[in-house]
1. Might you let me know whether the range 30-40 holds any residue that is open to solvent by 70 Å² or more (accessible area, probe 1.4 Å) and over 17 Å from Val2 (Cβ atoms)?
2. Condition check: farther than 23 Å from Val12 by Cα, loosely packed, with under 13 Cβ neighbours inside 10 Å and touching a Leu at 6+ places or on another chain (Cβ under 9 Å). Does Ser25 satisfy that?
3. With respect to Ala73, is the statement that it is in contact (Cβ under 8 Å) with a residue 12 or more places away in the chain, farther than 16 Å from Tyr102 by Cβ and among the small types (Gly, Ala, Ser) true?
4. Looking at the range 77-121 only, could you name the residues that are touching an Asp or Glu at 6+ places or on another chain (Cβ under 9 Å), open to solvent by 60 Å² or more (accessible area, probe 1.4 Å) and over 15 Å from Gly35 (Cβ atoms)?
5. Within the range 45-52, is even one residue open to solvent by 20 Å² or more (accessible area, probe 1.4 Å) and on the phi > 0 side of the Ramachandran plot?
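The values are calculated or read from the model by the stated rules, or taken from the named source; none is laboratory data. Note that the structure is predicted; figures quoted are calculated from it, not measured. Please note: Cβ atoms are built from the backbone with ideal geometry, for glycine as well, and neighbour counts cover all protein chains shown. Remember, those area values only see protein heavy atoms, side chains included, never the ligands or the DNA or RNA. Shrake-Rupley method; radii C 1.70, N 1.55, O 1.52, S 1.80 Å.
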Amino acid sequence: QVQLVESGGGLVQAGGSLRLSCAASGRTFSSFRVGWFRQAPGKEREFVAAIVGISTFYANSLKGRFTISRDNAKNMLYLQMNSLKVEDTAVYYCAARNSGTYYYTSSYDYWGQGTQVTVSS
């Protein structure tokens with residue numbers, strides 16, 4: 001098993017930046033495939049970004065603004081978010097999986113509790 005704890009959320013003005021962090025503990029973090037998802041009020045949880053091997057993948061609408069990275073030595077996952085928009089407001093979750101398709105929430109076995117990101121206009 002692995003435990004995930006997100007941090008770094010908060011209130012930011014449109015156009016600003018935030019860096020989310022996800023601290024992992026438990027089984028060897030490097031053995032898991034990881035990703036970020038988000039859920040806005042009244043909406044389903046949606047894919048944001050994932051790392052598969054040495055490749056990174058992003059939701060089409062977020063390409064160029066968000067960057068996912070991981071530091072296996074520190075058991076950390078990150079999401080750098082730039083040029084934030086009001087529509088990026090959501091609870092952001094990090095997740096880990098053993099297999100499955102990277103953009104499906106059902107593929108992920110472990111989830112953090114989420115961190116709130118609020119972007120004001």
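1. no
2. Spelling it out, Ser25 is indeed farther than 23 Å from Val12 by Cα, loosely packed, with under 13 Cβ neighbours inside 10 Å and touching a Leu at 6+ places or on another chain (Cβ under 9 Å).
3. no
4. Gln113
5. Checked against the condition, which is being open to solvent by 20 Å² or more (accessible area, probe 1.4 Å) and on the phi > 0 side of the Ramachandran plot, the range 45-52 yields no hits at all.
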